[in-house]
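I have placed the structure first, in the form of structure tokens, so that the comments after it can refer back to it.
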Amino acid sequence: MARSDIKVASLLAFTLVFAASASLWAQVNPVPIKQKGAGSLIEERGDVNGDGKPDVWNYYVEAPADGKSGEVKRHLAKKEADLDFNGTKDIIRMYDADGVLTQEEADLDFDGHIDQRNYYTDGTIREKRFYKNRTNNVFIWKFYKDGKLTQLHRDDDGDGKVDYCELWFAGEKLNKRGWDKDGDGECDYWETAD
């Protein structure tokens with residue numbers, strides 16, 4: 001199966017697991033896993049495929065709602081999913097105190113290593129980092145403004161520095177291509193894209 005086919009299958013499985021998981025939380029009781037100061041961290045596990053093992057994990061932070069009434073406010077802090085049901089978490093999503101997505105990590109080829117990290121501001125994509133297979137070395141960075149691609153940087157030789165750049169207009173049209181000619185990690189030679 002081609003890498004692009006694996007990514008599509010992974011994202012489809014991710015969507016199905018996360019959508020199905022909401023109705024399956026009753027199968028496993030919430031477990032307090034950390035008590036600290038004014039709040040506590042609660043883990044809920046869901047068994048999506050019915051094999052008796054958790055496939056989806058939700059982590060909630062609980063804290064006093066206003067400090068006086070005794071009410072407790074709960075918000076989702078992190079969600080994890082095992083998409084191929086092998087016991088390894090393939091997708092991890094992190095949320096802020098308002099429940100807005102801030103970061104996402106994905107093992108798209110199910111080899112146990114993170115292939116992509118996405119960073120969000122106010123729930124909107126800001127940056128994507130793609131990692132060389134089975135390493136922590138970023139080889140592609142994509143930057144976004146208002147959810148639209150503005151720049152792409154690529155490390156072609158694995159030294160951790162940018163070798164190639166693209167500037168995009170409104171995420172729809174490639175405007176310029178650039179190359180780092182002097183090895184300093186910044187593109188200094190540019191051509192207009194046609």
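The values are calculated or read from the model by the stated rules, or taken from the named source; none is laboratory data. If you're wondering where the values come from, they're calculated on a predicted model, not measured in any experiment. All Cβ positions, even for glycine, are placed from backbone atoms using ideal geometry, and neighbour counts span all protein chains on display. Note: areas computed on protein heavy atoms with side chains; ligands, DNA, RNA excluded. Shrake-Rupley method; radii C 1.70, N 1.55, O 1.52, S 1.80 Å.
Of all residues in region 183-194, those that are free of Cβ contacts under 8 Å to residues at least 40 places away in the same chain have Cβ atoms under 8 Å from Cβ atoms of residues that are open to solvent by 70 Å² or more (accessible area, probe 1.4 Å) and in a loop (DSSP other than H, G, I, E, B), 6 or more apart or on another chain, in Gly183/Lys161; Asp184/Lys161; Gly185/Lys161; Asp188/Lys181; Asp188/Asp182; Tyr189/Lys181. Among the conditions (1) at pLDDT 85 or above; (2) assigned to a strand (DSSP E or B), the only one that Lys89 does not satisfy is (2).
Do we find that Lys78 is outside any loop (DSSP other than H, G, I, E, B), closer than 30 Å to Glu43 by Cβ, without any contact (Cβ under 8 Å) to a residue 40 or more places away in the chain and open to solvent by 50 Å² or more (accessible area, probe 1.4 Å) in this structure? So Lys78 passes the test.
Filter region 125-182 down to the residues that are among the aliphatic types (A, V, I, L, M) and under 29 Å from Asp90 (Cα atoms) and list them by number.
Ile125, Val138, Ile140, Leu149, Leu152, Val162
Across region 55-79, the qualifying residues are those that are more than 20 Å from Gly123 (Cβ to Cβ) and modelled with pLDDT of 90 or more, and the one among them that is farthest from the chain's Cα centre (by Cα) is Asp55.
With respect to being farther than 30 Å from Glu62 by Cβ, in contact (Cβ under 8 Å) with a residue 12 or more places away in the chain and within 9 Å of the chain's Cα centre (by Cα), Lys128 fits the description.
The residues of region 115-163 that are part of a loop (DSSP other than H, G, I, E, B), surrounded by 16 or more Cβ atoms within 10 Å (Cβ to Cβ) and in contact with a Leu (Cβ under 9 Å, 6 or more places away or on another chain) amount to a single one, Asp115. Among the residues making up region 103-114, a single one is more than 20 Å from Gly87 (Cβ to Cβ) and buried (at least 18 other Cβ atoms within 10 Å of the Cβ): Glu104. Evaluation of Asp98 against the conditions (1) open to solvent by 40 Å² or more (accessible area, probe 1.4 Å); (2) at pLDDT below 90; (3) assigned to a strand (DSSP E or B) shows that the sole unmet condition is (3).
Looking at region 135-175, which of its residues are among the aliphatic types (A, V, I, L, M), under 24 Å from Thr124 (Cα atoms) and in contact with a Lys or Arg (Cβ under 9 Å, 6 or more places away or on another chain)? Answer for region 135-175, where residues must be among the aliphatic types (A, V, I, L, M), under 24 Å from Thr124 (Cα atoms) and in contact with a Lys or Arg (Cβ under 9 Å, 6 or more places away or on another chain): Val138, Ile140, Leu149, Leu152, Leu167, Ala170.
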